[in-house]
Every structure is written in C-alpha cells, then in structure tokens.
There are 2 protein chains.
Amino acid sequence: MSSSELSALSPADLTTFVATQRTAYDALKAKELKLDLTRGKPSAAQLDLSEELLSLPNGHTSAAGTDVRNYGGLEGLPELREIFAELLGVEPSQIIAGGNASLTLMSNTLINALLHGAVDSERPWSQEETIKFVCPVPGYDRHFALLESLGIEMVTVPMTDDGPDPVATAALVKDDPSIKGMWIVPTYANPAGSVCTQEVAAALTSMPTAAPDFKIFWDNAYALHHLTAAETKSADVLSLATAAGNPHRPVIFASTSKITFAGSGVAFLAGSVDTIAWYLKHLSKSSIGPDKVNHLRHVQFFKDAAGVRAHMDKHRAIIAPKFAEVQRALTDGLEGRGIAEWTKPAGGYFVSLDVLDGTASRVVELAKGVGVALTPAGASFPHGDDPRDRNIRLAPTMPPLSEVAAAMEVVVTCVLLAAGEKLTSGL
Amino acid sequence: MSSSELSALSPADLTTFVATQRTAYDALKAKELKLDLTRGKPSAAQLDLSEELLSLPNGHTSAAGTDVRNYGGLEGLPELREIFAELLGVEPSQIIAGGNASLTLMSNTLINALLHGAVDSERPWSQEETIKFVCPVPGYDRHFALLESLGIEMVTVPMTDDGPDPVATAALVKDDPSIKGMWIVPTYANPAGSVCTQEVAAALTSMPTAAPDFKIFWDNAYALHHLTAAETKSADVLSLATAAGNPHRPVIFASTSKITFAGSGVAFLAGSVDTIAWYLKHLSKSSIGPDKVNHLRHVQFFKDAAGVRAHMDKHRAIIAPKFAEVQRALTDGLEGRGIAEWTKPAGGYFVSLDVLDGTASRVVELAKGVGVALTPAGASFPHGDDPRDRNIRLAPTMPPLSEVAAAMEVVVTCVLLAAGEKLTSGL
C-alpha cells in the first residue's frame, strides 16, 4: 500500500483498501490477543524501582525527633514537604503532605469550598445557584467525573500546545460569576501532553474573573515525568498569581503515585499560606494526621530532591521506548493518510490520538473485537461526550514493550479500517 | 486527714482543709512537672509492639496475585477485610478497608449523606431545613466537632453503664424527622468506658424513627481493647438491625490506630452490602484505591484474627497497670469524700471523672498551673459545654507509669482543692 491520503483515493481503490484492512483485521482476530492500553498505570518494572520502600523506614523518628508512628502532624513530615517544595517551586510553608491520593485532596478542596467556601469566598459555594468550572479539552476524565458527582457544571476551552487557551478562558470567566474555577494539568497534560507556558500561566493567574474567589486547580501530576533530557520546568504559578495580586487563586496538587507506588505514595497540596491554613482547618475535623511512617519511608528512600530527579531518570529509561514504539507505529501506519493526528509528548503518561471525525467510537469497538482494550472514546471530555467523536487516549506505560507494539498494530489497523468504512459509507 | 465527706466538715475544718490542699498544691508546683493526660494516644512501648511492620511487607503480591503497589482495589485487600470481618462480627462482603483514619471514613459518610443522601434517603440531607444527631454524653469530642463543622445540630442523651439511654433516645427520634442519626462508641465508650449491651443495641436498631434513613454511627474504636481477661464481645449490631428490618441503619467504624500505629494503621467501614456499595460509589470519585501495601503489611504482621487478639494481650500488659494506678490514686485520694465519682472501665483508653459540680474547669486550670495538661473541661460534651461543669476525661495510656502516678497525685490534689474552694466560697 502506498501512504497517500485516503480521501484522494478513487471509490474503487477505497473499496479495495477497506477489504485489505478487513483482511488484516481478521488476521489480528486470529491472534486472540488480550492487551490493555486503557489507563495510565506504571508497569511492574517501574514499581520495582521503588522496591526498597517495602523495607523502610529504618527507625521511626523524624529529623525533629517526632515519633512518626503516633498521631499528629496534620501538615505532614517537614523533611518530605521540603523536598517537594523544592521540586514544585514553592516554599515549605506553602505545601502539605497528605495520604496516598492527590485526587482525594482535589475532592476535599472542592467539598470544603462547597460546604464552607474557599479561603477567599464570601459564602459556601453550595449557596450559589449554579457553579461551573472551565475544563480544557481533551482533559482528565476523573477531573470531570468529580465535578459531575458534585453537581458542578462544565464549560470547555481548547487545550493548545501551550496549555489551556487563555483567550477563550478569559472570555468565559470575565463576566460569569458562577464560574468558580478551572482545571489544568500544566505539565505534560493528560492526555494532550502539552506544557502550560509561563506566558499562559501569567495570563490565567492575572485575568480578571467575575468570581472573586476563582480557583485554578493546578494538577501537576506529571511535573517530573520527563520523556526527554529537556526536563521542562513547570510554570511558577504561585509566584505569578501572587505578583498579579491573586495569591489564593492557584491550588497545586501533586503526588508520588507515578514516582514510587501508585497506590501507596504520598500526595501534596500547595498554595498560599492562607490556602494551606484554610485546608488544614477543615482537614482537622476529619483527620488527626497523615501516615507519617510513609512520609519518613519516602524521605529515607529519596534523601533529597536530587534523589527524586535521579529516580525519575530510571522511569524514563523504562517508558521512553514504549512511547517511541507508539510514535513509530503511528508514523509508519498513519502518516500522510490524512485521517489522524497525534501528540508527540515530551513527558507524562499519554498520547492523544485524533482520528477521522466520527470514527473514534468505532476504532475502540474494533480494537475490543480483537482483544485490545482502549480507553472509551470521549473519555477525555466532560460527560464522556466528544462532540467530534475523534479523540482516543493511548496509555502505553503499563504493558511490556512487546505488548505495546502488538497493541499499536491493532490500533493502526482499526484506525485505517474505521476511516475506510466511513469514507466508503456514502458510496 | 480523715476521708470523711467534705460537706460534713465544719466551716473551720473546711478552711483548714483548703489550706492543707493549698500547701500540697504549692509543693507540687515546686516540682516543675511537665505531664500530659490529655489525649488517648498509645505510648512508645505500645508502638514498639508493632515495630516489625516497619520492615514489612515481604514481597508485594496479595493472596489473589494482585500487585499491591499499583492502583485499584477500592474496597481494600480481601485478606485484611476477612480478618477484621471476623473480629467485628460481619461478613467480608460487609466491610471495606481504607486509609489510616476511621475519622475520615465517618466524615466521608456524613458528607456523602449531606451531598447525595444516604443509601436509603429520598434526597440529600443538605436539602433538609435542619439536621440533628443524637449524642450520648459524655462522648467523643471529635464526633461533636465534626457535626458542628457540618452544621448538624446535636441533642444529647445520657450515656448509661449499658450504652446510650435507649428510652431517652427512642423518645427523641420517634417524632422528629430532622434527627438523622446518632453516635455510639459501643465498646468501652469514650470517655465513659461503658459497653453497649445486646439489649440496648436491639432497642436502638429496632426503635421506630421518624426519619426513614436514620443512621447509627457505630464507632467501635475500642472493640478489641480489653483491660481484663473478660474480653467483652461487642453487640452484634448489624444482625440485630437486619433482624429488625433496618439493615441499613448501622454504619460501623473501626481502625488499627490503637492496635498498630496511631498514624499509620488501617481504618474499616462496615454495614449492609448496600451501604458498602453506596460508600464505594461515592468513594470512586475521589480515590483510585487505598494503600494496599499497608494492608498487606498488616496482613503479614497479624496473620489472622487470633494474631490480632494475641497482639492486644500485649497492649493490655502495658496499659492495664496505668489504669490500675489511676484507680488507686482516685480511690486513695477521693473515695468517701462525696465530691467525685469515676468510671472503672474494663477496656478502652479513658477514665471519666465527675468532680463536684461547677469545679471541673477549676481543676483543669489548677492542674495546668503545676504543669499537668488535662483535657479541657467540657470536652466530652457538644460545643465543649458541660452543663454541670463536672466532667474530666483522663487518658493514662501515653505517659510512662511513673508519670501517670505523678500526674494523678496532681489530679487528686486539684480536685480536693477545687472542691474545698467551692465549699468555702459561700462562708
């Protein structure tokens, strides 16, 4: 097969093309595959990098002499907060270390704002008639599901290569006081892989908002998860916001879920000192303190910020070849066909694949038919609804490299077959 | 000094008595003590019993072959749920294992009910004009603080030797649909030490309630924390409720906070299968799963339910002498004086001391003046308001035995001095 654009083929050639792809697809079916590219989970080889954690900590005493086995210390172990303050570009007084899930910190922050109001709110958000959040799309499905479960409406803006479209965002928030916040995955966005530039961050932190207590939920889940030696630095959102006179606008989230163990890491929340005090005040009603033994365990394992960075190099060595295989398969199979575009991320956990409009669901269905599980089409949009039915999120970290290659052969074949079906459906 | 009742003394003898106690008090001041009986925290010696946990787990695979280091398994590790199902008298399908704090599970349960409604609610509790909870007093201050922070009103009933007064409770809940639930610490109550009998539990689980979705928050924090060989068994609240046709009424909470490590244990929530499904549905929005490495760590440490029971015997060996010292000091110093009563718990973490009406705050103030921190008077009542200003919660587990003895000498002296002051104030 040549790799000319499908839309340039004659009807007869298109029909032949579909038949060829159907044959290829049936051959894949005979392989009885059972592969999974659905979720951004670390592989066993990545988890093995942190195996030493299982026999730590040595001793049970913090640098300040605290017995970490007992109650207390709601803000988390100081030495762990110091390490991640450095990595996230904030002061130790601006960060707390919590439990095993940043998603829980996000949920808590939203629920606190609903029930009590944010740190700078006039009243609880639940007393507003309507609350909305700006959601860059494509985005993270769990962000959207969380908002939906809390009855918060979603308005979308495009995710660009430089972060959420700042002009579209500013236009939405300037006159509508019901828009109380927005999501951003600033570095290596889920799933687009884009990095929010300092300029876009400056625009978002300084833009006028009708809601005086507007919040940027800055979910920096992949801040340190580089796929290249460039090691992009995240925009300094807290300093920018403070300089713009909106110090309480950003609430920063991060975790070691994809650094150490996905279920047994440590999550972090950062923001202005007032934001931290606000969060801790509400947290004190539902917790006597986080798992400080796990904090100490992580401190002893990492030693310092440089230790975290060195550890991430080892992750990169494992997952960069998988991302390279995804790019190779997509380029070899789809480039020049005029039916697909995809991201080439320099970090993070995902490749975002846009196929021919109206065929994403069909691609996922076809892949399932030959034993390859893909994230449901539309998952990266609020309510799972991709208006163009074209976006598919690929998550290549979990399977071994050989399985990534096998699964990507399926993806390419399904994208081609679905496009061919679509283009011939009107013949 | 004889130990006749103070109220029987002549004015002159009373004045002499106060002077004697003042001298004793001043002598204590000279010792420059720094002691703390405020909170129910395990001592370092108790925490040492679980030191092996710091180098567990061996390996990272569950009985079912799950890699516990990765995401997932929202309901917690099956083998840990089995152990605590047996200990708490429920089925494994009726219990989940969560993070490090049962208080967080209680808070989540209340917030879910507020925002979404309980499993059997017609609508979210937040849509009711008023919500109230029945609070047995004296009770656990964090229960009350949690309700207060969520705007839930509190109505009190007396805590008897057999649990919350069932007649008073039934009378409150039968006609008032705004009363949505009640707290109970059923076994070795905080602070009263009483044990809710099977009969009282039967009454509470079967009583008619105006609210169709009435909940019993059954905080069984001390289920296994026996101070005597009797090892009282908790009432079987879930079976009783099911038999009474109210299967969704109890929500059971427990944790290993005072079994292994106070900040790094595992918390449990139990209830009807529908209650569990309801809880997990909402939890799935804010968590991808609990710390299963810590679950496996606890499984390997305990091995089985008998392992937990054997472990609790070691706790008892450490703390029973401290409780004995509290009893000795109170008996030697206060018995027969007619100014104090106290509980003789067979388990749990507290002794509840009732002093002469109107003197509890003064006792706490006096103790502070000689370097002994006591829980603030009134702490065991909603809003910290003990209407008779007589209740003081003593928590003897944390300090070494010698410090318990020293602190109790202060307590006794302060109780006597405050009573003497009170009785002479009208002379």
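The values are calculated or read from the model by the stated rules, or taken from the named source; none is laboratory data. Please read all numbers here as calculations on a predicted model, not as lab measurements. Reconstructed Cβ throughout: ideal geometry from the backbone, glycine too, with neighbour counts over all protein chains shown.
Between B:K292, B:K285, which is surrounded by 24 or more Cβ atoms within 10 Å (Cβ to Cβ), facing chain A (nearest Cβ under 9 Å) and among the basic types (K, R)?
Values: B:K285 fails: surrounded by 24 or more Cβ atoms within 10 Å (Cβ to Cβ).
So the residue among B:K292, B:K285 that is surrounded by 24 or more Cβ atoms within 10 Å (Cβ to Cβ), facing chain A (nearest Cβ under 9 Å) and among the basic types (K, R) is B:K292.
Please find, within region B:90-142, the residue that is surrounded by the fewest Cβ atoms within 10 Å (Cβ to Cβ) out of those that are within 14 Å of chain A (Cβ to nearest Cβ) and in contact with a Lys or Arg (Cβ under 7 Å, 6 or more places away or on another chain). Walk me through it before giving the result.
Our first condition is that a residue be within 14 Å of chain A (Cβ to nearest Cβ); within region B:90-142, this holds for B:97-117, B:123-128, B:131, B:140-142.
After this cut, where a residue has to be in contact with a Lys or Arg (Cβ under 7 Å, 6 or more places away or on another chain) as well, the list is B:97, B:103, B:107, B:117, B:125, B:131.
Values: B:A97: 28, B:L103: 23, B:S107: 22, B:G117: 17, B:W125: 24, B:I131: 22.
Here the answer is B:G117.
Name the residues in region A:90-117 that are small (G, A, S), more than 21 Å from the chain's Cα centre (by Cα) and either not assigned by TED's automatic domain parsing to the domain that holds A:D141 or not in a helix (DSSP H, G or I) (or both), would you?
Selection gives A:G117 alone.
Mind checking which residues of region A:395-404 are touching a helix residue (DSSP H, G or I) at 6+ places or on another chain (Cβ under 6 Å) and either surrounded by 19 or more Cβ atoms within 10 Å (Cβ to Cβ) or outside any helix (DSSP H, G or I) (or both)?
First, the residues of region A:395-404 that are touching a helix residue (DSSP H, G or I) at 6+ places or on another chain (Cβ under 6 Å): A:396-397, A:401, A:404.
A:P396, A:T397, A:V404, listed by residue number.
Could you tell me how many of the residues in region A:13-63 are within 25 Å of the chain's Cα centre (by Cα), away from chain B (no Cβ under 11 Å) and assigned to a helix (DSSP H, G or I)?
The total comes to 1.
Answer with yes or no whether A:L49 is without any contact (Cβ under 8 Å) to a residue 60 or more places away in the chain, surrounded by 13 or more Cβ atoms within 10 Å (Cβ to Cβ), of a type in the set (A, V, I, L, M) and within 30 Å of B:E51 (Cβ to Cβ).
On the way: without any contact (Cβ under 8 Å) to a residue 60 or more places away in the chain: no; surrounded by 13 or more Cβ atoms within 10 Å (Cβ to Cβ): yes; of a type in the set (A, V, I, L, M): yes; within 30 Å of B:E51 (Cβ to Cβ): yes.
Spelling it out, it is not the case that A:L49 is without any contact (Cβ under 8 Å) to a residue 60 or more places away in the chain, surrounded by 13 or more Cβ atoms within 10 Å (Cβ to Cβ), of a type in the set (A, V, I, L, M) and within 30 Å of B:E51 (Cβ to Cβ).
Which one of B:D236, B:D304, B:D274 is acidic (D, E) and surrounded by 17 or more Cβ atoms within 10 Å (Cβ to Cβ)? Spell out the reasoning first.
On the way: B:D304 fails: surrounded by 17 or more Cβ atoms within 10 Å (Cβ to Cβ); B:D274 fails: surrounded by 17 or more Cβ atoms within 10 Å (Cβ to Cβ).
B:D236 is the lone residue from the list that is acidic (D, E) and surrounded by 17 or more Cβ atoms within 10 Å (Cβ to Cβ).
Please count how many residues of region B:118-139 are farther than 24 Å from B:H282 by Cβ and either not assigned by TED's automatic domain parsing to the domain that holds B:A202 or not in a strand (DSSP E or B) (or both).
Of the residues in region B:118-139, 2 are farther than 24 Å from B:H282 by Cβ and either not assigned by TED's automatic domain parsing to the domain that holds B:A202 or not in a strand (DSSP E or B) (or both).
Quick check on my filter: what residues within region A:363-377 are touching a Leu at 6+ places or on another chain (Cβ under 8 Å) and either in contact (Cβ under 8 Å) with a residue 12 or more places away in the chain or crowded, with 18+ Cβ neighbours inside 10 Å (or both)? Even if it seems obvious, please write down each step before you answer.
Start the filter on region A:363-377 by keeping residues that are touching a Leu at 6+ places or on another chain (Cβ under 8 Å), which leaves A:363-364, A:366-368, A:370-375.
Answer for region A:363-377, where residues must be touching a Leu at 6+ places or on another chain (Cβ under 8 Å) and either in contact (Cβ under 8 Å) with a residue 12 or more places away in the chain or crowded, with 18+ Cβ neighbours inside 10 Å (or both): A:V363, A:V364, A:L366, A:A367, A:V370, A:G371, A:V372, A:A373, A:L374, A:T375.
Quick one: which strands (runs of 3 or more DSSP E) sit completely within region B:266-356 and have at least 3 residues that are under 29 Å from B:A377 (Cβ atoms)? Can you show your working first?
On the way: elements: B:267-270, B:340-342, B:351-355.
Output list reads B:340-342, B:351-355.
Any idea which residue in region A:212-247 is farthest from the chain's Cα centre (by Cα), counting only those that are of a type in the set (G, A, S) and under 19 Å from A:Y279 (Cβ atoms)?
Filtering region A:212-247 for residues of a type in the set (G, A, S) gives A:221, A:223, A:229-230, A:234-235, A:239, A:241, A:243-245.
Filter again for under 19 Å from A:Y279 (Cβ atoms), leaving A:221, A:241.
Working: A:A221: 6, A:A241: 22 Å.
Among those that are of a type in the set (G, A, S) and under 19 Å from A:Y279 (Cβ atoms), it is A:A241.
Of the numbered conditions (1) in contact with a His (Cβ under 9 Å, 6 or more places away or on another chain); (2) within 14 Å of another protein chain (Cβ to nearest Cβ); (3) surrounded by fewer than 22 Cβ atoms within 10 Å (Cβ to Cβ), A:M312 satisfies every one except a single condition; which is it?
(2)
Quick one: in region A:64-89, which of the residues that are among the aliphatic types (A, V, I, L, M) and not in a loop (DSSP other than H, G, I, E, B) is nearest to the other protein chains (Cβ to nearest Cβ)?
Filtering region A:64-89 down to residues among the aliphatic types (A, V, I, L, M) leaves A:64, A:68, A:74, A:77, A:80, A:83, A:85, A:87-88.
Filter once more, keeping what is not in a loop (DSSP other than H, G, I, E, B): A:80, A:83, A:85, A:87-88.
Values: A:L80: 14, A:I83: 19, A:A85: 21, A:L87: 22, A:L88: 21 Å.
Filtering first and then ranking leaves A:L80.
Listed here are the residues, each with its yes/no results for (1) under 30 Å from A:D48 (Cβ atoms); (2) not assigned by TED's automatic domain parsing to the domain that holds B:T104.
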site	(1), (2)
B:R249	no, no
B:S257	no, no
B:S272	no, no
B:A277	no, no
B:S287	yes, no
B:N294	yes, no
B:R316	no, yes
B:L334	no, yes
